[in-house]
Amino acid sequence: MNDKELLETACLYGRNALLWRQKFIGLLPEIHKRKLYEKKNCSSIFEFAAKFGGLSNDQVRLALNLEEKFESMPRLHEALVNGDVSINKLARVVSIATKENEAELLNVVSNLSNRAVETLVRDEKFTGLHVQTLTLNEEVKNRLIELQFKGIDINELISAALNKREEEIAEEKAMPVELAKSRPVPAKTKKLNKKEFGTKCSIPTCKKPSEVIHHTQTFALSQKHDPNYLAPLCKEHHEIAHSINLRVREKRFF
């Protein structure tokens with residue numbers, strides 16, 4: 001077996017091990033209810049899980065707690081019991097899961113990484129609670145104070161400057177957009193995108209730097225880098241956006 005074959009085999013075994021561990025965890029609540037661990041000469045479900053699955057007491061408690069919390073949510077409960085979704089992901093979404101959103105939530109988390117799931121949960125929890133603070137350097141602050149002292153309405157002044165900025169951006173975005181010659185977003189379009197959104201992820205609740213310019217209008221269909229349909233996103237929100245796009249396409253065509 002050469003190096004490549006050895007590495008690929010190890011990765012395959014590792015993925016399979018994670019899958020079977022996930023399925024083993026899903027069976028623990030029912031084994032606990034039936035006290036089947038006693039048939040293997042174990043004094044408790046914790047001893048059974050440690051002996052046959054190498055699980056810690058905390059992992060077992062988490063599985064038992066989730067099974068109880070998902071009793072009224074059949075889809076999430078089934079995902080736990082069948083080992084369809086990792087216990088770590090389910091533990092992250094339990095705080096926002098309801099009977100009404102469980103189906104949609106399950107579809108989303110099944111296709112997302114753990115970090116993206118964390119981001120999704122944070123967004124759901126803090127929607128509408130995000131507070132921005134305004135930071136002005138001393139020079140700008142002093143200039144505004146001086147203008148205000150002279151009787152100049154600084155709110156009107158700032159509003160006019162902001163309106164002018166928005167008008168300039170709108171004019172640039174209204175320019176005709178030609179079919180793209182390549183997949184990467186052109187430098188000129190990136191510059192306009194940065195002018196409009198800055199350097200942070202465009203999701204209001206997110207404070208992370210943007211890493212990817214996302215095509216809200218699927219590029220494969222439009223073949224355009226239209227600035228009206230571009231949004232800078234962090235890695236996790238980009239993953240979430242593509243998961244949503246995938247589900248929309250599945251509902252539309254299948």
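Here are some notes:
- If you go through the range 146-192 and keep only what is under 18 Å from LEU233 (Cα atoms) and touching a helix residue (DSSP H, G or I) at 6+ places or on another chain (Cβ under 6 Å), you end up with THR189, LEU192.
- In the range 170-192, the residues that are farther than 16 Å from ALA231 by Cα reach residues that are not in a helix (DSSP H, G or I) with C-beta atoms within less than 6 angstrom, at least six apart or across chains, in these pairs: VAL177/LYS224; VAL177/ASP226; LEU179/GLN223; ALA180/GLN223; ALA180/LYS224; ALA180/HIS225.
- Options ASN65, ASN41, ASN57: the member that is loosely packed, with under 12 Cβ neighbours inside 10 Å, modelled with pLDDT of 90 or more and assigned by TED's automatic domain parsing to the domain that holds GLU100: ASN41
- Number of the exception - LEU129 against (1) within 28 Å of GLU239 (Cα to Cα); (2) at pLDDT 90 or above: (2)
- Cβ pairs under 7 Å, 6+ apart, first in the range 154-165 and closer than 13 Å to LEU144 by Cα, second of a type outside the set (Lys, Arg): ILE154/LEU144; ILE154/LEU147; ILE154/GLN148; LEU157/LEU147
- When the range 174-189 is filtered for residues that are within 17 Å of GLN217 (Cβ to Cβ) and not in a loop (DSSP other than H, G, I, E, B), only THR189 remains.
- The conditions of being exposed (fewer than 11 other Cβ atoms within 10 Å of the Cβ) and at pLDDT 90 or above are met by GLU138.
- A single member of GLY198, GLY151 is small (Gly, Ala, Ser), closer than 22 Å to HIS215 by Cβ and loosely packed, with under 14 Cβ neighbours inside 10 Å, and it is GLY198.
- Boolean, PHE219 is farther than 21 Å from LEU162 by Cα, of a type in the set (A, V, I, L, M, F, W, C) and within 22 Å of the chain's Cα centre (by Cα): yes
- The residue that is nearest to LEU64 (Cα to Cα), counting only those in the range 92-111 that are surrounded by fewer than 17 Cβ atoms within 10 Å (Cβ to Cβ) and among the small types (Gly, Ala, Ser), is SER95.
- Just so you know, in the range 205-227 the residues that are of a type outside the set (A, V, I, L, M, F, W, C) and touching a His at 6+ places or on another chain (Cβ under 6 Å) include one that is surrounded by the most Cβ atoms within 10 Å (Cβ to Cβ), and it is HIS214.
- Test set (1) part of a helix (DSSP H, G or I); (2) among the acidic types (Asp, Glu); (3) at pLDDT below 90 - GLU236 fails condition number: (3)
The values are calculated or read from the model by the stated rules, or taken from the named source; none is laboratory data. Note that the structure is predicted; figures quoted are calculated from it, not measured. Counting neighbours? That spans all protein chains shown, and the Cβs are built from the backbone with ideal geometry, glycine included.
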